[in-house]
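The values are calculated or read from the model by the stated rules, or taken from the named source; none is laboratory data. None of the values given here were measured: they were computed from a predicted structure. Glycine gets a Cβ as well: all are built from the backbone with ideal geometry, and neighbour counts include every protein chain shown.
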Amino acid sequence: MAQALRKEEYFTYADYCMWDDDMRWELIEGKPYAMAPAPMWEHQSVSQLITRRLGNFLEGKQCKVFAAPFDVRLNADTYDDTVVQPDIVVICDRSKLKGTGCAGAPDMVVEVLSPSTVSRDTHIKFRLYQNAGVREYWTVNIEAKTVLVHILDNGRYYTSSYGDTDSVPVHIFEGCAIELREVFADLGDSGTQENG
């Protein structure tokens, strides 16, 4: 795959499925992006807690929560040239579940920010998720202990910010909220940030 990167080629999901190296990749509008090595424990702790809270709320319901690695093919019905691996996704339309992931837009995406992916997550993926119709997109900043919640309304995201002691409503599910005090509890005052 590294050789193909140097050629500046355009790739699709079919190409992505044939890459047999040990690296994880995302494919955005035909361009491959290498994923960082395994994330630090802080990233994993935050991601697992949010996944668990969502999973507990969704127990016995139609919607399902999935954690990375999980392929999300945002434009599977057209170019099929974008495959991202969010930290957490929620999917309510089970017909979108295909093979190793989701074909189409999930209902909710959560990205736990890392130094190596912060620009991609807050700019490129923000645009991709908005255009694909992801109803709710969270970006979790471990260092600042904040969460930005982007809610889709008439094709545009509207953003609210939450701090480390706030209860964050999951807008797509009435009665569901995530307590940030719990999410960030294990982090203490370390301010440590991970590589991936």
Take segment 106-148 and flag every residue that is in contact with a His (Cβ under 7 Å, 6 or more places away or on another chain) and within 17 Å of Cys176 (Cβ to Cβ). Glu136, Tyr137
Restricting to segment 106-116, what's the tally of residues that are assigned to a loop (DSSP other than H, G, I, E, B) and either over 20 Å from Phe66 (Cα atoms) or of a type in the set (Asp, Glu) (or both)? 3
Where Leu128 falls short, out of the listed (1) touching a Leu at 6+ places or on another chain (Cβ under 8 Å); (2) part of a loop (DSSP other than H, G, I, E, B); (3) crowded, with 19+ Cβ neighbours inside 10 Å: (2)
For segment 88-137, how many residues are in contact with a helix residue (DSSP H, G or I) (Cβ under 9 Å, 6 or more places away or on another chain) and either more than 20 Å from Cys63 (Cα to Cα) or free of Cβ contacts under 8 Å to residues at least 24 places away in the same chain (or both)? 4
Identify, from the list Met23, Met40, the residue that is aliphatic (A, V, I, L, M), touching a strand residue (DSSP E or B) at 6+ places or on another chain (Cβ under 8 Å) and surrounded by fewer than 18 Cβ atoms within 10 Å (Cβ to Cβ). Met23
Residues that are among the charged types (D, E, K, R) and over 11 Å from the mean Cα position of the chain (by Cα), drawn from segment 121-134: Arg127
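Rundown of residues vs (1) surrounded by fewer than 20 Cβ atoms within 10 Å (Cβ to Cβ); (2) under 26 Å from Phe184 (Cβ atoms); (3) in contact with a Pro (Cβ under 9 Å, 6 or more places away or on another chain), yes/no style:
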| residue | (1), (2), (3) |
| --- | --- |
| Gln44 | yes, yes, no |
| Asp71 | no, no, no |
| Thr78 | yes, no, no |
| Leu97 | yes, no, no |
Being under 16 Å from the mean Cα position of the chain (by Cα), at pLDDT 95 or above and not aliphatic (A, V, I, L, M) is the requirement here; does Cys176 meet it? no
Scanning segment 147-187 for residues that are charged (D, E, K, R) and in a helix (DSSP H, G or I) gives Arg181, Glu182, Asp186
